[in-house]
Amino acid sequence: MAGNQVSGEGEGSTMNSQTGIFIRRVRRFLKSLRQRIWEVGREDPRRVIHALKVGLALTLVSMLYLLEPLFEGIGQNAMWAVITVVVVLEFTAGATLCKGLNRGFGTLCAGSLAFFIDFIAQESGKVCRAVFIGASVFLVGAMATYMRFFPYLKKNYDYGIVIFLLTFNLITVSSFRVRDVLKIANERLYTIAIGCGLCLFMCLLVFPNWSGEDLHNSMAVKLETLARSVEACVKGYFYEEDIQLIRSESFKDQIRSYKNVLDSKSMEETSAMFASWEPRHSRQCHRYPWQQYVKFGSVLRYFAYTAVALHGCLESEIQAPWSVRKLFRDPCIRVAGEVAKVLLELADSIRNRRLCSQDVLSDKLQEALRDLNSAIKTQPRLFLGSNPPHTSSMLVAAVAAAERKADKELGVSSSIKSESPALVEWQRRSKRSMDQSKDSDRKVLRPTLSKIAITSLEFSEALPFAAFASLLLEMVARLDVVIEEVEELGRKARFREFTEKSDIENQVNCPKTNAETSLYRHTNSVSQSTE
């Protein structure tokens with residue numbers, strides 16, 4: 001009895017502990033879920049407004065079912081209005097207009113064609129009518145599907161063609177059993193028109209979100225992102241002694257922020273396409289050059305590749321010693337700082353819709369380039385590799401580290417006296433590894449042995465820095481292309497002329513919004529809406 005009581009108490013305590021663990025896990029999950037919901041809304045408050053708009057639209061369209069007079073007039077076809085609201089109402093006005101007009105136009109064309117085919121088929125017998133309807137479905141379905149392969153139609157009217165196919169088949173096939181096909185087409189068209197009209201009202205008149213504004217502001221955000229990334233890359237390269245800063249996650253995220261620019265091609269094309277559907281809500285009635293923004297985005301990605309290369313210099317296996325980098329730190333930091341200032345000036349001009357100033361490329365950037373050129377010329381031996389006594393210290397250290405790692409793996413203990421014995425040892429071990437791989441048809445070069453081969457050669461210690469400096473010069477050269485594209489965008493979009501007075505007023509009256517910094521957050525939702 002005592003044993004059974006003890007075992008029962010043990011099982012009860014185990015069950016209580018498992019229950020406590022489960023409750024704690026549920027609490028942690030609910031806490032993380034609550035934090036995630038709060039973060040999503042805080043990043044872009046427009047998401048909360050859009051969710052409320054969708055809920056209100058669904059409530060209003062549900063009245064077609066809930067109110068008896070409306071239900072008697074429309075009947076079960078009211079479900080098509082609910083489906084239309086769920087499918088059509090998107091985050092931005094352009095996306096809603098594109099899908100709504102595609103759905104309405106596709107339904108109208110499908111209903112008209114189905115009525116015409118039914119009118120012709122009524123003159124024939126039942127068998128001939130079935131054959132005629134089947135042949136019509138085959139031909140229309142094949143032709144409409146083939147039209148979806150045209151790039152222009154695929155990009156702009158793919159959703160409308162799909163709705164056309166769906167509506168045409170439903171009406172045409174059902175007309176074989178139901179006589180009043182015109183009534184079916186009219187009821188379907190009315191309910192979809194009600195749903196599309198409600199969606200257009202909510203997206204255009206109730207806190208509208210414009211795709212064109214998002215695309216315009218995203219360009220300014222990308223320029224600012226590139227400016228921060230360039231400064232962070234140069235700072236990480238020349239401030240290696242500040243280990244806490246370099247290893248912090250916030251600093252690494254700042255360096256990798258160029259990925260937002262590289263991954264934005266689909267978002268730009270989708271936003272430009274949606275913006276072309278939006279009404280002209282500006283004072284100018286001219287056609288806005290949305291495709292010019294897409295072209296400007298490709299230029300920014302071309303510029304961002306230099307930031308990728310700078311980041312690669314930070315994570316390179318072979319680094320220039322700190323003593324070499326310190327000689328050229330000040331001019332390189334000045335060049336990067338001036339490049340960042342130019343990018344920020346371009347971002348400000350785009351955000352305020354004004355042309356950039358004529359002296360956007362200041363004399364300070366030219367002075368920084370001249371200082372960097374002078375600093376390089378004062379140290380010719382570093383780049384020519386004249387092999388003074390101190391130039392091979394880095395190479396010998398790298399060879400020793402690689403050799404110790406190789407000895408540890410192979411079980412051999414040796415020490416490197418100079419560069420020539422290391423090269424002989426590497427050749428001997430390469431021959432041994434090739435002999436061992438004769439049985440298998442694979443030849444593998446160990447990474448440690450390849451490092452020994454590289455560091456055994458008499459390269460200059462400043463060679464890694466030379467690659468970094470050449471990338472800075474390439475960045476300045478590509479900056480001219482970015483400036484030219486901004487000027488071209490300003491001319492085609494008819495930005496106002498630059499004046500110092502208006503520029504100061506815009507800086508005071510046009511602060512940045514939280515929505516601008518989160519334009520990349522809803523890229524996936526915008527891209528999915530086109531599919």
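Which length gain, in nm to one decimal place, applies between residue 480 and residue 174 when the Cα-Cα distance is subtracted from 0.36 nm times their residue separation? Numbers along the way, then the final one.
On the way: separation 306, 0.36 × 306 = 110.16 nm, distance 6.32 nm.
Answer, rounded to one decimal: 103.8 nm.
At most 16 other Cβ atoms within 10 Å and a DSSP loop assignment: could you name the GluC sites (Glu not before Pro) in the stretch 37-135 that fit?
Taking the stretch 37-135 and a limit of 16 other Cβ atoms within 10 Å, the loop GluC sites (Glu not before Pro) found are 123.
Counting Lys +1, Arg +1, Asp -1, Glu -1, what net charge surrounds residue 477 among other residues with beta carbon under 15 Å of its beta carbon? Each step should come with its number before you reach the end.
On the way: positive: 478; negative: 338, 474, 480, 484, 485.
Local charge sum for residue 477: -4.
If I model a spin label at residue 139 and residue 491 as a point 7 Å from the Cα along the Cα→Cβ vector, what separation in nanometres do I get?
5.2 nm
Scan the stretch 57-156 for chymotrypsin sites (Phe, Trp or Tyr not before Pro) in coil per DSSP, keeping those whose Cβ has at most 12 other Cβ atoms within 10 Å, and list them by number. Display every interim value, and only then the final one.
Details: sites: 65, 71, 80, 91, 105, 115, 116, 119, 132, 138, 146, 149, 152; in loops: 91, 149.
Of the chymotrypsin sites (Phe, Trp or Tyr not before Pro), the ones in loops of the stretch 57-156 whose Cβ has at most 12 other Cβ atoms within 10 Å are 149.
Leaving out ligands, DNA and RNA, and with a 1.4 Å probe, what % of the accessible surface on the stretch 11-86 is carbon or sulfur? Please list the in-between numbers first.
Numbers: 3750 of 5570 Å².
Within the stretch 11-86, the accessible surface is 67 percent carbon and sulfur.
Could you work out how far apart the two model spin labels at residue 18 and residue 59 are, taking each label as a point 7 Å from the Cα in the direction of the beta carbon, and quote it in nm?
Modelled inter-label distance: 4.5 nm.
Rounded to the nearest 10 Å², what accessible area does residue 89 show when all protein chains are kept and the probe is 1.4 Å?
Only protein atoms counted, so the area is about 10 Å².
Charges on Cβ only, +1 for Lys and Arg, -1 for Asp and Glu, centred on the Cα centroid of the stretch 32-88; of 33, 56, 82, which one is farthest towards the dipole's positive end?
Farthest along the dipole direction, towards plus: 33.
Given the C-alpha centroids of the stretch 348-365 and the stretch 287-312, what is the distance between them in whole angstrom?
Using only Cα atoms to place each centre, the spacing works out to 17 Å.
At most 15 other Cβ atoms within 10 Å and a DSSP loop assignment: could you name the trypsin sites (Lys or Arg not before Pro) in the stretch 117-191 that fit? Before the final figure, lay out the partial values.
On the way: sites: 126, 129, 148, 154, 155, 177, 179, 183, 188; in loops: 148, 177, 179.
Answer in residue order: 148, 177, 179.
Along the Cα→Cβ direction, 7 angstrom out, place labels at residue 263 and residue 42. What is the inter-label distance in nm?
Using points 7 Å along Cα→Cβ, the separation is 2.2 nm.
Test of understanding: what is the full-extension gain from residue 305 to residue 373, defined as 0.36 nm times their sequence separation minus their Cα-Cα distance? Please report the intermediate quantities before stating the final value.
Numbers: separation 68, 0.36 × 68 = 24.48 nm, distance 2.32 nm.
Net length gain for the segment: 22.2 nm.
The values are calculated or read from the model by the stated rules, or taken from the named source; none is laboratory data. It should be emphasised that the depicted structure is a prediction, and the values quoted were computed from it without experimental measurement. Cβ sites come from the backbone with ideal geometry, for glycine too, and all protein chains shown count toward neighbours. The accessibility values were calculated without ligands, DNA or RNA, using every heavy atom of the protein model including side chains. Shrake-Rupley method; radii C 1.70, N 1.55, O 1.52, S 1.80 Å.
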